[in-house]
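Right, one structure below, let's go through it.
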Amino acid sequence: MKLKELPVSWWTARKLARLSADDLLNAKAPRLPLIVSLTSIPSRLGIIHLTIRSLLVQSYAAEKIILWLHESLRDQLPSSLRKLEGEVFEIRYVNLTCSHRKLIHSLELHPDKIIVTCDDDLMYDPSWLLRLHQSHTQHPKDVIAHECRLIKFIAADQPAPYSEWKTEARIDHTEPWLMPIGYGGVLYPPHCLYSDVQNRDLFLQLTPKADDLWFKAMSYLAGTNTRRSANPGKKPVPIIASQKDSLKKTNVRQDGNYQQWLALCEHYGF
């Protein structure tokens, strides 16, 4: 986290933490016809309630929020998280350990629903979900994301290093190699991903630590456009002390994203 982000993070967390669980569970905001789906890891169990709180106080809220956790965490949840469980927010347990579980299990559980994924170390502003859905209503068959990068190729069969995949600045924009970035939130319309999406053996082999790359490949193979939303808004606010364990070091600094995208290219012939 950058030093300049600390005051905003502290203030946002304080404001969310002061909301009573009763108020959150009985919020009367209108519901959007979609599921918000995310996952987490043991080191973030003490802070993820802030993410969930930010999702519960959306100006237009989700029908359901599902947090997918590993089975081993069933008896390790803090009260700050458990007391938020109710009609809207539920926790489900699975044996899969990789980050792909934030989407694939919800796809199985709700195959005909719009599913929105987000990260577990951020706090989302109250209009975040509505802005994603507004772009969806204009382009109902596209994957919609507030933040994207454009995958670059050096040659027809040679991807450039991940550091050269530039952040997309254009809004309401789509092109074949635009990749949604998970932290900003990604909306997946029903039946928009290729049939291999649930192939555990394959995604653990090709992209064990890069679910964003796997889901981009699955949308591309299905012929689904990725589009940056028309109103991305401000970036989500990081939670203090949430980055003790992160895939960023491996995937970005050590260019693990490049290696995993190269594996996808070789397997599928991109």
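The values are calculated or read from the model by the stated rules, or taken from the named source; none is laboratory data. Nothing here was measured: the structure is a model prediction, and the numbers come from that model. No Cβ is skipped: glycine too gets one built from the backbone with ideal geometry, and neighbour counts run over all protein chains shown.
Being assigned to a loop (DSSP other than H, G, I, E, B), over 15 Å from HIS139 (Cβ atoms) and in contact with a strand residue (DSSP E or B) (Cβ under 8 Å, 6 or more places away or on another chain) is the filter here; which residues of segment 167-204 pass it? Those that are assigned to a loop (DSSP other than H, G, I, E, B), over 15 Å from HIS139 (Cβ atoms) and in contact with a strand residue (DSSP E or B) (Cβ under 8 Å, 6 or more places away or on another chain): GLU168, TRP177, ILE181, GLY185. Per this entry, LEU19 is not counted among residues that are of a type in the set (A, V, I, L, M) and either in contact with a Leu (Cβ under 8 Å, 6 or more places away or on another chain) or more than 17 Å from PRO126 (Cβ to Cβ) (or both). Selection of first residues in segment 12-31 that are closer than 15 Å to ILE47 by Cβ and of second residues that are of a type in the set (D, E, K, R), restricted to Cβ pairs under 6 Å at least 6 apart or on distinct chains, gives the following pairs, ordered by first then second residue: LEU16/ARG53. Could you tell me whether LYS152 is out of contact with any Asp or Glu (no Cβ under 6 Å at 6 or more places or on another chain) and among the basic types (Lys, Arg)? For LYS152, the condition - out of contact with any Asp or Glu (no Cβ under 6 Å at 6 or more places or on another chain) and among the basic types (Lys, Arg) - is not met.
Scanning segment 151-174 for residues that are touching a Leu at 6+ places or on another chain (Cβ under 7 Å) and over 13 Å from TRP261 (Cα atoms), we see that the one that is surrounded by the fewest Cβ atoms within 10 Å (Cβ to Cβ) is LYS166.
When only residues in segment 219-252 that are at pLDDT below 95 and not in a loop (DSSP other than H, G, I, E, B) count, which is nearest to ILE52 (Cα to Cα)? This residue is LYS248.
Does at least one position in segment 176-186 carry a residue that is in contact (Cβ under 8 Å) with a residue 60 or more places away in the chain, out of contact with any Pro (no Cβ under 8 Å at 6 or more places or on another chain) and of a type in the set (Phe, Trp, Tyr)? The answer is no; no qualifying residue exists.
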